[in-house]
1. May I ask you to say which residue of Ala109, Ala123 is free of Cβ contacts under 8 Å to residues at least 40 places away in the same chain, in a helix (DSSP H, G or I) and of a type in the set (A, V, I, L, M, F, W, C)?
2. Determine which single condition Asp135 fails, assuming it passes every other condition in (1) in contact (Cβ under 8 Å) with a residue 24 or more places away in the chain; (2) in a strand (DSSP E or B).
3. Among the residues of the stretch 90-99, is any of a type outside the set (Asp, Glu) and not in a helix (DSSP H, G or I)?
4. Residues of the stretch 1-53 being within 17 Å of Gly92 (Cβ to Cβ), small (Gly, Ala, Ser) and not in a loop (DSSP other than H, G, I, E, B), which ones?
5. Filter the stretch 22-38 for residues that are among the hydrophobic types (A, V, I, L, M, F, W, C) and within 16 Å of the chain's Cα centre (by Cα); which is surrounded by the fewest Cβ atoms within 10 Å (Cβ to Cβ)?
6. Return the total of residues in the stretch 62-80 being aliphatic (A, V, I, L, M) and assigned to a loop (DSSP other than H, G, I, E, B).
7. Mind listing whichever residues of the stretch 68-84 are touching a residue at least 40 places away in the same chain (Cβ under 8 Å) and surrounded by fewer than 23 Cβ atoms within 10 Å (Cβ to Cβ)?
8. Ser65 - would you say it is within 29 Å of His17 (Cβ to Cβ), out of contact with any Leu (no Cβ under 6 Å at 6 or more places or on another chain), surrounded by fewer than 20 Cβ atoms within 10 Å (Cβ to Cβ) and hydroxyl-bearing (Ser, Thr, Tyr)?
Amino acid sequence: MIHLEPIGRDEYDRVAHIRVTPEQEPFCGTIAGHFASEETGCDFHAVTRGALPVGFFKIDREYPSRFDFAAEGELGLRAVMIDRAEQGRGSGKAAMLALGPYLARRYPAAGSCVLTVNVVNPAARAIYLAGGFVDDGALYHGGRIGPQHILRLRLPKLAVA
């Protein structure tokens with residue numbers, strides 16, 4: 001069973017083993033690179049199977065100040081990676097299906113989450129779409145590897161207990 005959970009910047013050892021294929025690295029980076037970054041406003045999260053982290057992603061609370069296509073209050077999903085040994089098992093899709101309710105609980109003021117996915121990365125785009133993200137047809141042209149699709153996920157409004 002796939003779960004999502006926050007991890008601290010002091011928990012590098014928990015996720016240091018996660019590696020994507022060399023072809024995927026230009027799109028998502030490396031665990032070491034993300035932990036070494038001094039970037040503000042980003043929270044780290046793990047994708048786990050049981051107790052074992054099998055993936056990683058960042059939520060960027062300052063995404064709208066970095067990208068003009070993001071609306072105020074929108075969260076940015078960045079650096080999504082599923083360990084290469086875990087790929088092909090449905091873990092990425094399961095993580096994206098769990099993302100909306102997870103983010104709604106952790107970031108209740110946010111109404112949506114936005115990401116960019118490179119046009120030359122159709123496999124990743126398909127996983128995001130299967131997980132509930134919507135592509136409105138807009139492209140971001142400021143990426144390092146060329147144009148990127150802009151995808152959004154509307155976050156559910158959870159009942160207050």
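1. Within the list Ala109, Ala123, the selection yields Ala123.
2. Evaluating Asp135 over (1) in contact (Cβ under 8 Å) with a residue 24 or more places away in the chain; (2) in a strand (DSSP E or B) leaves (1) as the failure.
3. The initial filter retains those residues of the stretch 90-99 that are of a type outside the set (Asp, Glu), namely 90-99.
Next, only the ones that are not in a helix (DSSP H, G or I) stay: 90.
Checked against the condition, which is being of a type outside the set (Asp, Glu) and not in a helix (DSSP H, G or I), the stretch 90-99 yields at least one hit.
4. Listed by number, the list holds a single entry, Ala46.
5. Per the criteria, the residue is Phe35.
6. Going residue by residue through the stretch 62-80, those that are aliphatic (A, V, I, L, M) are 70-71, 75, 77, 79-80.
Of the ones still in play, those that are also assigned to a loop (DSSP other than H, G, I, E, B) are 70-71.
Result for the stretch 62-80: 2.
7. Scanning the stretch 68-84 gives Phe69, Ala71, Glu74, Ala79, Asp83, Arg84.
8. So Ser65 fails the test.
We did not get these values from a lab; they are worked out from the coordinates using the rules stated. Computed from a predicted model, the values in this text were never measured in an experiment. Counting neighbours? That spans all protein chains shown, and the Cβs are built from the backbone with ideal geometry, glycine included.
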